[in-house]
1. Any idea which residue in region 16-46 is nearest to residue 80 (Cα to Cα), counting only those that are touching a strand residue (DSSP E or B) at 6+ places or on another chain (Cβ under 6 Å) and at pLDDT below 85?
2. Go through (1) under 16 Å from the mean Cα position of the chain (by Cα); (2) more than 15 Å from residue 19 (Cβ to Cβ) and name the single condition residue 85 misses.
3. Filter the strands (runs of 3 or more DSSP E) completely within region 47-120 down to those with at least 3 residues that are in contact (Cβ under 8 Å) with a residue 60 or more places away in the chain and either touching a strand residue (DSSP E or B) at 6+ places or on another chain (Cβ under 8 Å) or surrounded by 15 or more Cβ atoms within 10 Å (Cβ to Cβ) (or both).
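The values are calculated or read from the model by the stated rules, or taken from the named source; none is laboratory data. These numbers were taken from a predicted model, which means no experiment stands behind them. Cβ placement follows ideal geometry from the backbone for every residue including glycine, while neighbour counts extend to all protein chains displayed.
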């Protein structure tokens, strides 16, 4: 007879998010935004902590930062759960896109980014 656990598993860790914004995979993308937002604070390419840099960029833009599984990708944007009730999804996306482009340039591609993974 198999035993089935139906309660909460306390020794596992699951992370998931659904964010509209930009996915950053290279230091150069992050450095570009950093230099535009913080012109008097040099970006140290060798010693830069990508997590801290992305958090500061997101905070400066009044957006959210999410780190993908094992730090391979960094996301800056806003979760859909944060959409104010008085705007449409189209207005929400445009607002986020405009904010992202102000830091990452007109070629910045925004989209929906979802990730879920289990650590443990």
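1. Residue satisfying both the conditions and the ranking: 17.
2. All conditions are met except number (1).
3. Of the strands (runs of 3 or more DSSP E) lying wholly inside region 47-120, those with at least 3 residues that are in contact (Cβ under 8 Å) with a residue 60 or more places away in the chain and either touching a strand residue (DSSP E or B) at 6+ places or on another chain (Cβ under 8 Å) or surrounded by 15 or more Cβ atoms within 10 Å (Cβ to Cβ) (or both) span 111-119.
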